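Each remark here refers to the structure printed beneath this line.
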């Protein structure tokens, strides 16, 4: 028979079906125990959106309802084959993720792009928050095969200060919807793989994984994460910035991905993530290449970043432990930073090799107060940093090591072209060995004469 938009489709009749009838690919006869099953589905479990009435022509004829019907009728092991050059568009007519969102809830589903696009509308107002192009709650799912997942979120925008017209980043490379948005949302998904041929573009968060998602593999690229603007009111004056890849309360994470034009970080391990192997290349970000935060632990990483407007290649925050690896950044405010807060746990047992080229500062240890000194403790850092005045970034005093906290850490640093070697406000029991080429003044400030830090300086010698 002919299905409009899908062409000829062959059904076979069977006296039984292991698949649940959905009235499209599996139809139960009203006469006896007879099932009519699309032959391609019966043989290969192939599912095509056009069988359900999808047109794949974009916003002119949205596929909101038929695409949702297709996803809701999937059986375990189905392989959804999208049509080449098709644009499957979700108009979000009810302005509600729960009512309009496209969700893969079945297990062991493959979504195969074949050169197609999945897109969606942008939120109409600040109340229409949480639009996702695709949400995945099923286990053992794979997204593969030359697929663009994108949106109509406004693009080519700057980063703006909190509820202000002041510009923080004047590069017109970010997206800026009026409410939070996502390209791909993994909610409690296990064994998810997003393959290397997938591109996520234009959302506050290109990929967000949370709610105990486990054993997820992210191999794709992300372009243009964004900022909610105007920002929602908050006591902390939150800038409402989104990362390319954000993970919260996830386990067993593998990332080998590329991030471009990200409003916050290439990878943001926001909180309580455990066990991961992260390889991220970040080109143009406002805040960081890799941001590890809030009791995330047991992470191995290799981070490369360029052009960070107000931040660094690597930032590690409260409660994080056993986070080990290498970080390189070119053009940034600093090479790396620790941010401690004893009320949220200690940063400890991290072994890091960090490099910064064309940076204002080498490394920053920051704790809120004297009682938080030990919230950054027992870490080993090998640092190489070279000062440079990158015109695209926020400028700071030219200091190699900023010690505003930390206890019992070991730092070996090679510093080049900085005006000052140290700025010491807090910190005790740290062992710091520095080689340098030159300086204007050894210490920028030292407010902690009653603390004991072992600091050694040695001039770089050239033959």
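The values are calculated or read from the model by the stated rules, or taken from the named source; none is laboratory data. What you see is a predicted model; the values in this text were computed from it and never measured. Counting neighbours? That spans all protein chains shown, and the Cβs are built from the backbone with ideal geometry, glycine included.
Considering (1) modelled with pLDDT of 95 or more; (2) under 23 Å from the mean Cα position of the chain (by Cα); (3) surrounded by 19 or more Cβ atoms within 10 Å (Cβ to Cβ), the lone condition that residue 128 does not fulfil carries the number (1).
Within region 231-259, being buried (at least 20 other Cβ atoms within 10 Å of the Cβ) and over 9 Å from the mean Cα position of the chain (by Cα) holds for 239, 240, 241, 250, 253, 255, 257.
So that you can scan it fast, the table gives a plain yes or no per residue for (1) crowded, with 23+ Cβ neighbours inside 10 Å; (2) in contact with a helix residue (DSSP H, G or I) (Cβ under 7 Å, 6 or more places away or on another chain); (3) within 13 Å of residue 92 (Cβ to Cβ):
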position: 117; (1), (2), (3): no, no, no
position: 122; (1), (2), (3): no, no, yes
position: 133; (1), (2), (3): yes, no, yes
position: 139; (1), (2), (3): no, no, no
position: 142; (1), (2), (3): no, no, no
position: 145; (1), (2), (3): no, no, no
position: 163; (1), (2), (3): no, no, no
position: 167; (1), (2), (3): no, no, no
position: 175; (1), (2), (3): yes, no, no
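Residues in region 70-77 include at least one that is touching a helix residue (DSSP H, G or I) at 6+ places or on another chain (Cβ under 6 Å) and closer than 16 Å to residue 100 by Cα. Can you work out which of the residues in region 82-99 that are surrounded by fewer than 20 Cβ atoms within 10 Å (Cβ to Cβ) and within 24 Å of the chain's Cα centre (by Cα) is farthest from residue 45 (Cα to Cα)? Going through the qualifying residues, I end up with 96. Among all residues of region 369-380, there is none that is under 24 Å from residue 441 (Cβ atoms) and modelled with pLDDT of 95 or more.
In region 7-19, the residues that are in contact (Cβ under 8 Å) with a residue 40 or more places away in the chain reach residues that are surrounded by 10 or more Cβ atoms within 10 Å (Cβ to Cβ) and assigned to a strand (DSSP E or B) with C-beta atoms within less than 8 angstrom, at least six apart or across chains, in these pairs: 9/3; 9/38; 19/26; 19/37.
Taking every residue in region 169-188 that is on the phi > 0 side of the Ramachandran plot and pairing it with any residue that is modelled with pLDDT of 95 or more, at least 6 positions away or on another chain, the pairs with Cβ-Cβ distances below 8 Å are 188/137; 188/210; 188/211; 188/212; 188/213.
Inspection of region 30-44 identifies no residue that is in contact (Cβ under 8 Å) with a residue 24 or more places away in the chain, crowded, with 17+ Cβ neighbours inside 10 Å and part of a loop (DSSP other than H, G, I, E, B). Quick check, is residue 360 in contact with a strand residue (DSSP E or B) (Cβ under 7 Å, 6 or more places away or on another chain) and either modelled with pLDDT of 95 or more or under 20 Å from residue 444 (Cα atoms) (or both)? So residue 360 passes the test.
Here residue 53 meets each of (1) surrounded by fewer than 20 Cβ atoms within 10 Å (Cβ to Cβ); (2) within 21 Å of residue 68 (Cα to Cα); (3) out of contact with any helix residue (DSSP H, G or I) (no Cβ under 8 Å at 6 or more places or on another chain) with one exception, condition (3). Scan region 177-188 for residues that are within 23 Å of residue 219 (Cα to Cα) and surrounded by fewer than 23 Cβ atoms within 10 Å (Cβ to Cβ) and the total you get is 2. Is there a residue in region 317-329 that is over 24 Å from residue 409 (Cα atoms), in contact with a strand residue (DSSP E or B) (Cβ under 7 Å, 6 or more places away or on another chain), surrounded by 20 or more Cβ atoms within 10 Å (Cβ to Cβ) and at pLDDT 95 or above? Checked region 317-329: no residue is over 24 Å from residue 409 (Cα atoms), in contact with a strand residue (DSSP E or B) (Cβ under 7 Å, 6 or more places away or on another chain), surrounded by 20 or more Cβ atoms within 10 Å (Cβ to Cβ) and at pLDDT 95 or above. Within region 396-417, if we keep just the residues that are surrounded by fewer than 16 Cβ atoms within 10 Å (Cβ to Cβ) and in contact (Cβ under 8 Å) with a residue 40 or more places away in the chain, the residue that is nearest to the chain's Cα centre (by Cα) turns out to be 396.
Once region 161-183 is narrowed to residues that are outside any strand (DSSP E or B) and in contact with a strand residue (DSSP E or B) (Cβ under 8 Å, 6 or more places away or on another chain), the residue that is farthest from residue 246 (Cα to Cα) is 166. Selection over region 147-158 of residues that are surrounded by 21 or more Cβ atoms within 10 Å (Cβ to Cβ) and over 30 Å from residue 76 (Cβ atoms) gives a count of 1. Scanning region 148-160 for residues that are under 18 Å from the mean Cα position of the chain (by Cα), under 30 Å from residue 86 (Cβ atoms) and part of a strand (DSSP E or B) yields a count of 2.
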